[in-house]
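The values are calculated or read from the model by the stated rules, or taken from the named source; none is laboratory data. Because the structure is a prediction, the values reported are computed rather than measured. Positions of Cβ are generated from backbone atoms using ideal geometry, with glycine treated the same way; all protein chains shown enter the neighbour counts.
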């Protein structure tokens, strides 16, 4: 019984951890980007203040916004939060980690995106339409690329359970495989596309021709906008956590580990997050945004790489 | 005995059909006929479900109808029981929907007699246990559905749809006749038991031919590319409850025919047959959803989407064939379970979506999405049920579409163990195509729901829409609830399917009822597991928690204003995205390759007040490369052979004379 | 060590295939030349690693030649040619980039299947090295076939030659003399091609192969 309570506590700790750390990751990325551009930039904890400020504001809704428009932010946030809580951050084998494997985590993110696209269409403006149509175009290539990456990883590790894959990658059985390298590169491309980062989408733009995610949430304000922004931060955290858990799984505490192991895992996780945020900021500053119809070729390359990794695994076990 | 019960239900359908002829002109005729159909379907559903779950012995029933030395054999084994459940669930839901929808029918005398006959035909096909009865009932099913397609025959496009449907159905039946002929052999043992008892293994040439003919016959009825062309014409032309039956149920009867011939009667196939099925299925999946994305008619979009889902079912069946030939029974059972689960799921959510389209058609008189919009305000209940259908069909957790897709992916992950090189290269490609089609399906239904129900009304009809009647709503919510249940409790469905797969591929998935927390574990705990109930609970809890937190922490104030629209508000509803503008990015990326999609803009010179015109040109590759040349060849041959009609008497006599000499020569040489 | 040797050789050969894909993906000439320099660099690393594990010091010279000529001198020269000819344009392709990459994927699958079936009893390192090398050769050919610009066709040809070098170093015991002569002949061919490009550009104001087709005398 005490064991169950302890497991439950650890699972809840993970859920709270991802929720609390997500804005800090976004804040860190923004700060590093600003510094690279020789600006001082907002403080790292500014996103927390932004979210609280949005919560206190009066919500302004379009006259013809429906119940779906008002319910969508909650659904998007719930799906993103559940997906982010299921990815091992500082420990594997958490209490409910077996209830959804990597394919289910990706599908949960697809649910969030489905409702976001619908919310974009709800008010009936052309901005919402442009955001939704471009978002589903990007998703129509990013999601299959993600699935082929999942297949490649599953064929290497023999499982689609995140804890099992992380455990396998941590063991000495895994070598420097080509398919792993291809999967990593494809994963990074998909992560950039899914999180609406340069070069796919500009998260700081105000020009409609460069908008995808921003156009869909144009009509949202106050608490709804706060939920959607928090969901987007959770999504970024989820992708960086996935890269950390699948490709850099060192210092992950085993199931039923000691508190010291959990603490070490948490510190290692925060370090990996910080590293990921810095690399993302450097990458975004170093490259320009692509035009919209170059993005399918970019994502198509990720799909090819994932498919190539899968083919190599099918053809020979040593690839 | 369940067989007798279901046969009595079929007889009731025939009675209802006769009643339909006599009472069509009366107001009470519609509720009477549909009510009888609903009751009959419910009874048949319950008895089939009992047979499936209890799995009793499956005795054969021979009726002295049909061929004198053969009779008509009827039997419900586990496969037939499952498909009877699917057929009668769909039939019952459609009858419930039609109790309300049928009130608006303009020509009830053209619909009421044939609808029960259609249901009877579908039930009889699944019950049939010999080739003659099977084919007879198959044709009966096709003809009654053709009559329903031609119900509104005044429109030219419906007539064309009926004509093409009749052509393809006849072609399919011909292929099936040949297939059964090959299986029965020269002795004419048409009973299925006789075919199973006949010499095994079947010689490879014969097996290959039977598979090809089964693909042509059953595949054309199910909607495999390139035999799908009748589907998007015929399904929308029929009344909406019939469209739901044709898309959601009749295609499943075709899948039943394929499974019966290939898995049950043919025995062990060779491995390259699975390659053919997988390749066709992969192409079908992607082409179906790409076609659907280009449409702006709601029912045509749904019909093309059926093609995609049939592709997913056949991917599962192809994988099961591949595993079975290589002796991997467990993996074959997993693939077969995935395919059958998707059969069940698709009949649920496709019927639901067609019912929604029917409700919209009833309220607004429009099927074209470009003239709808904003219906979520006018028809809130219909839009909620339609939303559940859209989420389910896009394979999003925690609903049922995700579970069958997840099981198919798990089956693909078991396939590196297959030794054949062709399969090793083909299966990853098919997996990528399946993932691609899942993502495109999500895009398609964002478009379908977003353009039809969200936004602002684009026409007067959409502005004046009203909610539909309670029977239609009841049918839609029943199906939506079943979608949710099948997604949350997939273990029960998998356990119910275990005896079916045991009979087909001699293997079954591990019992899911024993797994804790109602999760499903297809292979082993460490490999993969999914818990639909927990995922649903987590999402619900997180959503409620966030609602509570926002309620406590955030401001409650709310103000309604005109839309922000970046500071450029435009009151005209034509500035919002249309269906074709929503699909434009995908059309550019995929359509330019597959459909040769080209956009042309004609700008008038400055000073001219004509509007600019944007034309989108799409070419259907299947028509261009397959059917148009065939039609040309047929026309050419007919042109040439026409001369035979106008010969002189002397020419006819010399023709007969020459043929007689030839036959005598053959007799002399070879006998 | 054997396991690590295999893994690193594997990784470098796979990176060469990946860089060939990146060559197919580019749509601007200067980016193409930079990626080609990267291609030659990966080849250098792969040959150097093979020299390390095969204990064959003459391969270090091969690696040095690859680095010096192909990774440094030739890209610099190509960049100067592009600047002087004034071709700063996009790379024109015959079919779209997406379709080209799909064809490239099919070619990689084909080379995997062919090589792994044909070389049944060689060592695993050599088998997979040969499979990757054949893939690089086929991708180089694909690039030559699907590009209209003469400079990009030259780069395709040189990436093809890199694949051949990968294959040759994967199998043990390739003499150095052959390598030097091959490198020199490439250099000479390149100089000739460069001179030709100058003359063609002077004469016809373009190096587009399709446009030059019209000027052939024996057309009709």
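Summary table below
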| quantity | calculated |
| --- | --- |
| Residue satisfying all of: in region A:51-69; more than 7 Å from chain B (Cβ to nearest Cβ) and buried (at least 17 other Cβ atoms within 10 Å of the Cβ); nearest to the chain's Cα centre (by Cα) among these | A:51 |
| Residues of region B:636-648 satisfying the condition of being part of a helix (DSSP H, G or I) and surrounded by 10 or more Cβ atoms within 10 Å (Cβ to Cβ) | B:636, B:637, B:644 |
| Filter result for residue B:341 (part of a helix (DSSP H, G or I), crowded, with 24+ Cβ neighbours inside 10 Å and touching a residue at least 24 places away in the same chain (Cβ under 8 Å)) | yes |
| Residue in region B:136-164 that is farthest from residue B:61 (Cα to Cα), counting only those that are out of contact with any helix residue (DSSP H, G or I) (no Cβ under 6 Å at 6 or more places or on another chain) and assigned to a helix (DSSP H, G or I) | B:156 |
| Qualifying residue in region A:88-100 (condition: touching a residue at least 60 places away in the same chain (Cβ under 8 Å) and within 7 Å of another protein chain (Cβ to nearest Cβ)) | yes |
| Residue ID - nearest to the other protein chains (Cβ to nearest Cβ), chosen from residues in region B:579-605 that are in a loop (DSSP other than H, G, I, E, B) and modelled with pLDDT of 90 or more | B:583 |
| Hits in region C:108-131 - residues which are facing chain A (nearest Cβ under 8 Å), crowded, with 17+ Cβ neighbours inside 10 Å and in contact (Cβ under 8 Å) with a residue 24 or more places away in the chain | C:108, C:128 |
| Failed item, numbered, when residue C:38 is tested on (1) surrounded by 19 or more Cβ atoms within 10 Å (Cβ to Cβ); (2) within 15 Å of residue C:160 (Cα to Cα); (3) more than 11 Å from chain A (Cβ to nearest Cβ); (4) modelled with pLDDT of 90 or more | (1) |
| When residues of region B:558-573 are limited to those that are more than 7 Å from chain A (Cβ to nearest Cβ) and loosely packed, with under 11 Cβ neighbours inside 10 Å, the one farthest from residue B:301 (Cα to Cα) | B:567 |
| Single condition residue C:53 does not satisfy, out of (1) closer than 18 Å to residue C:70 by Cβ; (2) surrounded by fewer than 19 Cβ atoms within 10 Å (Cβ to Cβ); (3) modelled with pLDDT under 90 | (1) |
| For residue B:366: the one exception among (1) more than 12 Å from chain A (Cβ to nearest Cβ); (2) at pLDDT 95 or above | (2) |
| Residues within region B:10-44 that are touching a residue at least 40 places away in the same chain (Cβ under 8 Å) and in a loop (DSSP other than H, G, I, E, B), tallied | 2 |
| Among (1) assigned to a helix (DSSP H, G or I); (2) farther than 30 Å from residue B:107 by Cβ - the single one residue B:248 does not satisfy | (2) |
| Selected residue (only one of B:124, B:143, B:176 is within 21 Å of the chain's Cα centre (by Cα) and under 27 Å from residue B:493 (Cβ atoms)) | B:124 |
| Options B:550, B:539; residue that is closer than 26 Å to residue B:410 by Cβ and either at the interface with chain A (Cβ under 7 Å from one of its Cβ atoms) or in contact (Cβ under 8 Å) with a residue 60 or more places away in the chain (or both) | B:539 |
| Options C:38, C:14, C:64, C:68; residue that is in contact (Cβ under 8 Å) with a residue 40 or more places away in the chain and within 19 Å of the chain's Cα centre (by Cα) | C:14 |
| Condition check for residue C:82: over 14 Å from the mean Cα position of the chain (by Cα) and closer than 20 Å to residue C:197 by Cα | yes |
| Number of positions in region B:222-242 that are more than 18 Å from residue B:291 (Cα to Cα) and in a helix (DSSP H, G or I) | 3 |
| Residue tally, condition facing chain A (nearest Cβ under 8 Å), under 29 Å from the mean Cα position of the chain (by Cα) and part of a loop (DSSP other than H, G, I, E, B), over region B:517-536 | 3 |
| Residue that is surrounded by the most Cβ atoms within 10 Å (Cβ to Cβ) [pool: residues in region B:416-450 that are facing another protein chain (nearest Cβ under 7 Å) and closer than 13 Å to residue A:121 by Cβ] | B:450 |
| Exclusive hit being under 20 Å from residue A:245 (Cα atoms), more than 7 Å from chain B (Cβ to nearest Cβ) and part of a loop (DSSP other than H, G, I, E, B), set A:199, A:172 | A:172 |
| Residues (more than 27 Å from the chain's Cα centre (by Cα), assigned to a helix (DSSP H, G or I) and away from chain A (no Cβ under 14 Å)) located in region B:451-479 | B:460, B:461 |
| Filter pass, residue A:85 being surrounded by 24 or more Cβ atoms within 10 Å (Cβ to Cβ) and more than 7 Å from chain B (Cβ to nearest Cβ) | yes |
| Scan of region A:117-166 for residues that are in a helix (DSSP H, G or I), closer than 23 Å to residue B:570 by Cβ and in contact (Cβ under 8 Å) with a residue 24 or more places away in the chain, ordered by number | A:117, A:118, A:119, A:120, A:122, A:127, A:128, A:130, A:131, A:132, A:134, A:135 |
| Index of the failed condition, residue C:59 passing every other in (1) within 14 Å of chain A (Cβ to nearest Cβ); (2) at pLDDT below 85; (3) within 19 Å of residue C:163 (Cα to Cα) | (1) |
| All positions within region C:161-182 that are in contact with a helix residue (DSSP H, G or I) (Cβ under 8 Å, 6 or more places away or on another chain), surrounded by fewer than 17 Cβ atoms within 10 Å (Cβ to Cβ), modelled with pLDDT under 70 and closer than 16 Å to residue C:129 by Cβ | C:172 |
| Those residues of region B:574-583 which are in contact (Cβ under 8 Å) with a residue 24 or more places away in the chain and either touching a strand residue (DSSP E or B) at 6+ places or on another chain (Cβ under 6 Å) or surrounded by 15 or more Cβ atoms within 10 Å (Cβ to Cβ) (or both), in sequence order | B:576, B:577, B:578, B:579, B:580, B:582, B:583 |
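Per-residue answers, yes or no, for (1) part of a helix (DSSP H, G or I); (2) closer than 19 Å to residue A:312 by Cβ:
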{"residue": "B:382", "(1), (2)": "yes, no"}
{"residue": "B:389", "(1), (2)": "yes, no"}
{"residue": "B:408", "(1), (2)": "yes, no"}
{"residue": "B:411", "(1), (2)": "yes, no"}
{"residue": "B:419", "(1), (2)": "no, yes"}
{"residue": "B:424", "(1), (2)": "yes, yes"}
{"residue": "B:438", "(1), (2)": "yes, no"}
{"residue": "B:441", "(1), (2)": "yes, no"}
{"residue": "B:449", "(1), (2)": "yes, no"}
